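The values are calculated or read from the model by the stated rules, or taken from the named source; none is laboratory data. Keep in mind that what you see is a predicted model, and the values were worked out from it rather than measured. Please note: Cβ atoms are built from the backbone with ideal geometry, for glycine as well, and neighbour counts cover all protein chains shown. Only protein heavy atoms, including side chains, enter the accessible area calculation; ligands, DNA and RNA are left aside. Shrake-Rupley method; radii C 1.70, N 1.55, O 1.52, S 1.80 Å.
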2 protein chains.
Amino acid sequence: MNIEGVPFSRLNGWRFDPDTGNLCHESGKFFSIVGIDVYKNQGGIARWRQPIINQPEVGYLGIICKEFDGILYFLLQAKIEPGNVNCVQLSPTLQATRSNYTCVHGGKRPAYLDYFKDARQEQILLDQLQSEQGARFFRKRNRNIIIRVDDDIDVGEDFRWLTLGQIKQLMLRDNTVNMDTRTVLSGLRFQSEQGLISEESPSDVGNALFASERCMEGEMSIDGILHGVSELKSRYELIVDKIPLKDVPDWSVSECEIARDDRKFFRVLGVNVTIANREVSSWCQPIVQPMQEGLCVLFAQKRNGILHFLMQAKVECGNFDVVEFAPTIQCLTGDFRKVSNPPPFVRQFVDGSIKGRVLFDTKQSEEGGRFYHEQNRNVIILLDEALNIDVPENYLWLTLGQIKEFLRFNNYLNIQVRSLVAELQYA
Amino acid sequence: MNIEGVPFSRLNGWRFDPDTGNLCHESGKFFSIVGIDVYKNQGGIARWRQPIINQPEVGYLGIICKEFDGILYFLLQAKIEPGNVNCVQLSPTLQATRSNYTCVHGGKRPAYLDYFKDARQEQILLDQLQSEQGARFFRKRNRNIIIRVDDDIDVGEDFRWLTLGQIKQLMLRDNTVNMDTRTVLSGLRFQSEQGLISEESPSDVGNALFASERCMEGEMSIDGILHGVSELKSRYELIVDKIPLKDVPDWSVSECEIARDDRKFFRVLGVNVTIANREVSSWCQPIVQPMQEGLCVLFAQKRNGILHFLMQAKVECGNFDVVEFAPTIQCLTGDFRKVSNPPPFVRQFVDGSIKGRVLFDTKQSEEGGRFYHEQNRNVIILLDEALNIDVPENYLWLTLGQIKEFLRFNNYLNIQVRSLVAELQYA
């Protein structure tokens, strides 16, 4: 793979719309960089304008699985994406925007697409519409789908069959399993009719996870959580209007970037990409680079003998429905070390005063097709049972069973927390 | 009540924004009439511009209930609304937009508001965010909430305690129970821990409804329906952008109305309202008048011994999430008698070739606070068991239990079908 920064004037196929200043593909498809005008009232009234990725298409994130000798294997692809810090990561069997799979680019049809298009009801393990990054995408969603296939399948050169245990072990390494694979796997239920069998004996934590997944009534009932969500979605206002990029103040478009004058948050670059194993082998595109590394932390704790997870109901400007559950700590858009008034639990996490056992601590990448070298620290901490922490009103303790139920019904959990759920280790 | 049409120039408190041409309240609150630019691909690609009501607020539609002698009673208000065909209809205990209950109008605080704001978890029977009319409102939702109160309550002059049986009987009369009451009651589960007791012995249909509500696995499983919904939400595209009202072609703003030159669909009028029992007793507002009476029909049928209902997955331009389940037949925006190519089942319904037993057939009003003299025919037909009808791919048979499960998780059923669900008669 070769990635080369290019000025926007040489970004083939892309242009700034003369009326709006939006950065668009000449086909009108793929995605564009537009402006939004945001009003929100969570944590005090705030209003601002910013650029955002607009991609009003539902793409496929699909994984094919198949049983060999009584064990389910998942077909993943070693895929190169222009923004990857390490060139190759393990991606779903099929990862294609609508513009890709309808071949707007005039290239090859994505491999394995027809398995998903032709799947029969009984082959579907899950099929969910889930959100993407709410601070970067305007109401973007993808179709997270897993299908089970019994027939023999040709395994392409870059593809491999992996067990869930292997994939979870690979997540223990930095930037190895890509974001799309993580979000798709997060929705799997381990103890349902889906009949997933782990080939390894579960650890104590694994057994506690199984028990938590069976538990649909935790500290709160499902109806109680729904009541809490309705209350927060009514109280918090989020009004977002698309506006021309040229009407966004504090951001400047120069020859090579769209960026804030104070260098905060992120910037948009143009890159020329040359990759061997893709539908088209060379193209130009805009890509978003964050200005800092982020932090996502999920607190777990046994409460009344059952493992619960502390979810934060968070308003993000690109959210489809005002509020989604986010990790206990989610600091992505600003530098949490530098702000004078950090969000709840950040200070205690950074100074080590939150006592517990670290179950997971790695760097994980955001989608390399849109984000340049974006990696965020993902941490799961099992708090000591004796620890009694006060939580703000928009924080709720959910069991794993409740989390999986809300995943079924779409758009309740944001992509950062879905990623952490996928990273839970059973072995 | 006195309702008087007034030209926009005398619509006190309202003005056309000089930049956009939008019709707005001077406070910037309540609602406004704006333009939208719509692209959708269901039933062929279509693109159009139209005016729509923009009200980016979640209001309360709340009912208080209380047990007397082992029977639950619901507190309804005989409420006057400017658009009501018959002045007074039975409305929820609390029916208030955010602008109302935060007293933007400088009037009285809505009665009973604090019961809902202070309700404890164990008092909540249901709490759902549900959509309003998708062809008229831009992504409008209200909070549908029922709370149970044990304390004595002052019953205001216009308020009465009614049993569910009484309310359902009143629905058998035209335009008696308003839309807001119908949508709130549609979500009630009759056989859950909510412990609703009917004071009347159920009919055969009533017993079949109870059985259908207990049935969570019908012709399709919940996961199968979710798969179907994901498939349709991915296939159907709906892109709606707010635009200035002045940029909407084919619609003209005259002294007294916003209307299409061909008089189709609806028009927007200005009215001066004087009412005794409201927070403020006199005000001006815009109101929407449809150009024809509509038709909503829900097909029911026993399939494998269990009552199912035929839902249509429908794209409407103001939908929050592309597709919602609508009644089997929903003809509201155009005159179904006059179109050359009517939607599925309309011709068979009109010519009487659909054989079955009519369970319900009345005229029901849309919300009188926004719609002027809008009433639509609501019909429920129990198809003969022997009848085998072919259904298009976006039509699904759901049990009542499945319907109530999708109601819990918000925004799966549109307001027209919720109204029909509320109208199901058990006695």
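Taking B:Asp152 as meeting all but one of (1) within 14 Å of chain A (Cβ to nearest Cβ); (2) without any contact (Cβ under 8 Å) to a residue 24 or more places away in the chain; (3) out of contact with any helix residue (DSSP H, G or I) (no Cβ under 8 Å at 6 or more places or on another chain), write down the number of the exception. For B:Asp152, the failing item is (1). Each residue in segment A:234-248 was checked for being open to solvent by 60 Å² or more (accessible area, probe 1.4 Å) and modelled with pLDDT of 95 or more, and 2 of them qualify. Here B:Ile329 passes the criteria (1) more than 14 Å from every other protein chain (Cβ to nearest Cβ); (2) crowded, with 20+ Cβ neighbours inside 10 Å; (3) more than 26 Å from B:Thr176 (Cβ to Cβ) except the one numbered (3). Quick check on A:Val88: is it under 19 Å from A:Leu162 (Cβ atoms) and free of Cβ contacts under 8 Å to residues at least 24 places away in the same chain? It is true that A:Val88 is under 19 Å from A:Leu162 (Cβ atoms) and free of Cβ contacts under 8 Å to residues at least 24 places away in the same chain.
For segment B:104-118, give me the residue count where each residue is farther than 15 Å from B:Phe31 by Cβ, touching a residue at least 24 places away in the same chain (Cβ under 8 Å) and not aromatic (Phe, Trp, Tyr). Working first, answer last.
First, the residues of segment B:104-118 that are farther than 15 Å from B:Phe31 by Cβ: B:106-118.
In the following step, the residues that additionally are touching a residue at least 24 places away in the same chain (Cβ under 8 Å) were identified as B:106-113, B:115-116.
Adding the requirement that they be not aromatic (Phe, Trp, Tyr) leaves B:106-111, B:113.
So the count comes out to 7.
State whether the residues of segment A:114-125 include one that is away from chain B (no Cβ under 14 Å) and not charged (D, E, K, R). Taking every residue of segment A:114-125 in turn, at least one turns out to be away from chain B (no Cβ under 14 Å) and not charged (D, E, K, R). Scanning segment A:51-78 for residues that are open to solvent by 10 Å² or more (accessible area, probe 1.4 Å), within 30 Å of A:Cys317 (Cα to Cα) and assigned to a strand (DSSP E or B) yields a total of 3. Answer yes or no as to whether A:Leu61 is more than 14 Å from every other protein chain (Cβ to nearest Cβ) and touching a Ser or Thr at 6+ places or on another chain (Cβ under 9 Å). For A:Leu61, the condition - more than 14 Å from every other protein chain (Cβ to nearest Cβ) and touching a Ser or Thr at 6+ places or on another chain (Cβ under 9 Å) - is not met. Return yes or no: is B:Arg98 touching a Ser or Thr at 6+ places or on another chain (Cβ under 9 Å), more than 18 Å from B:Gln133 (Cβ to Cβ) and within 14 Å of another protein chain (Cβ to nearest Cβ)? Yes. Within segment B:31-50, take every residue that is of a type in the set (A, V, I, L, M) and open to solvent by 20 Å² or more (accessible area, probe 1.4 Å) and give me the one that is farthest from the other protein chains (Cβ to nearest Cβ). Restricting to residues being of a type in the set (A, V, I, L, M) and open to solvent by 20 Å² or more (accessible area, probe 1.4 Å), the top hit is B:Ala46. Residues that are in a helix (DSSP H, G or I) and open to solvent by 40 Å² or more (accessible area, probe 1.4 Å) within segment A:99-143 comprise A:Asp114, A:Tyr115, A:Lys117, A:Gln121, A:Glu122, listed in sequence order. When residues in segment A:234-258 are screened for being within 12 Å of another protein chain (Cβ to nearest Cβ) and assigned to a strand (DSSP E or B), 6 of them pass.
Mind counting the residues in segment A:290-305 that are open to solvent by 40 Å² or more (accessible area, probe 1.4 Å) and part of a strand (DSSP E or B)? Result for segment A:290-305: 2. Search segment B:218-233 for residues being farther than 17 Å from B:Pro392 by Cα and free of Cβ contacts under 8 Å to residues at least 24 places away in the same chain, and hand back the single one that is nearest to the chain's Cα centre (by Cα). Only one residue fits best here, namely B:Leu226.
Selection of segment B:33-50 for residues being assigned to a loop (DSSP other than H, G, I, E, B) and among the hydrophobic types (A, V, I, L, M, F, W, C) yields only B:Ile45. Within segment B:204-233, the set of residues being farther than 20 Å from A:Ser131 by Cβ, in contact with a Lys or Arg (Cβ under 9 Å, 6 or more places away or on another chain), open to solvent by less than 40 Å² (accessible area, probe 1.4 Å) and within 14 Å of another protein chain (Cβ to nearest Cβ) comprises B:Gly218, B:Ile222.
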